[in-house]
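The values are calculated or read from the model by the stated rules, or taken from the named source; none is laboratory data. Here the structure is a predicted model, which is why all the values come from computation and not from measurement. Here the Cβ positions follow ideal geometry from the backbone for every residue, glycine too, while neighbour counts run over all protein chains shown. These accessible areas exclude ligands, DNA and RNA; they are computed on the full protein's heavy atoms, side chains included. Shrake-Rupley method; radii C 1.70, N 1.55, O 1.52, S 1.80 Å.
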Amino acid sequence: MIGLTDEQRNSYEENGYLLVSGLIPEAVAEAAEAAMWRCIGADPNDPETWNVSKNHQVFDSPELVACYTLEFIRAAETLAGEEGFKPPAKAYAINVFPTDAEWTRPGPHIDHAIKDHGHKTFPRAFRVATMTFLNDVPPYGGGTVVWPGGHRQLEALAKSDPETYEMMYDLNRAWDKIDLDDPVELTPKRGDVLFYHYLCPHAGSKNVSDRPRLAMNMKW
Ligand SMILES: [Fe+2]
């Protein structure tokens, strides 16, 4: 098993995210993509069967959870700086179906920032988040958009005024208080995994390609 390189770990620290290409073995990723199509009840060759209302769904398909290999778990633990992560029993699908609308740059958000959920900013609301991509994503094809270094800006802001930004909900509304760098639209391949920090500003984006974007989210 090959662990993450120093360069990859440094990149995660600096940018607040890391896309690891080909982390999922090809045969596992291929089986997972086929399973996702079955789970969503859609035929890859028949757009009439693509149900755009079903973006977020939970499945217990063994082929999907097989993506969470030991190597995957170890990488998540390394980046989070904690051990003992368990592989999930279910897959949380976030699929983005094609739209006829025009592609527009999305605004950022952080996860775990729903008011009623009451997540605090410190200690961290979760340790690390992941997106596992089950098919190739072209530009404007629904790839995740990330703001490099934004996690550090948010952390500095939160520490500058712990009272105001005690809750993730309030930090997620403070975008006018920081000056984010230009965002990066990721265009991952099947079997790639995006790891992102709990303060990484990110967004889903519209898929104006002709294929659904198939992926799973998992957080520890
Ligand atoms: Fe998110």
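Residues that are within 17 Å of the chain's Cα centre (by Cα) and open to solvent by 50 Å² or more (accessible area, probe 1.4 Å) within segment 79-104 comprise 87, 90, 92, listed in sequence order.
Provide a single number: the residues in segment 143-189 that are outside any loop (DSSP other than H, G, I, E, B) and of a type in the set (Ser, Thr, Tyr). It would help to see each step written out before you state the result.
First, the residues of segment 143-189 that are outside any loop (DSSP other than H, G, I, E, B): 145-146, 150-160, 167-171, 175-177, 184-185.
Pick out the ones that are also of a type in the set (Ser, Thr, Tyr) and you get 160, 169.
Summing the residues that are outside any loop (DSSP other than H, G, I, E, B) and of a type in the set (Ser, Thr, Tyr) in segment 143-189 gives 2.
Looking at residue 205, is it within 14 Å of the ligand (Cβ to nearest atom), among the polar types (S, T, N, Q) and crowded, with 17+ Cβ neighbours inside 10 Å? Break it down into steps so the answer makes sense when it comes.
Numbers: within 14 Å of the ligand (Cβ to nearest atom): yes; among the polar types (S, T, N, Q): yes; crowded, with 17+ Cβ neighbours inside 10 Å: yes.
So residue 205 fits the description; yes.
Checked against (1) closer than 27 Å to residue 63 by Cα; (2) in contact with a helix residue (DSSP H, G or I) (Cβ under 9 Å, 6 or more places away or on another chain); (3) surrounded by fewer than 18 Cβ atoms within 10 Å (Cβ to Cβ), residue 216 passes all but condition (3).
What number of residues in segment 170-202 are among the small types (Gly, Ala, Ser) and either within 12 Å of the ligand (Cβ to nearest atom) or open to solvent by 40 Å² or more (accessible area, probe 1.4 Å) (or both)? Residues meeting the conditions: 0. Residue-level check: of (1) assigned to a loop (DSSP other than H, G, I, E, B); (2) open to solvent by less than 50 Å² (accessible area, probe 1.4 Å), residue 211 misses just (2). Pairs linking a residue in segment 54-79 that is in contact (Cβ under 8 Å) with a residue 24 or more places away in the chain to a residue that is hydroxyl-bearing (Ser, Thr, Tyr), with Cβ atoms under 6 Å and 6 or more positions apart or on different chains, are 58/92; 67/132; 79/12.
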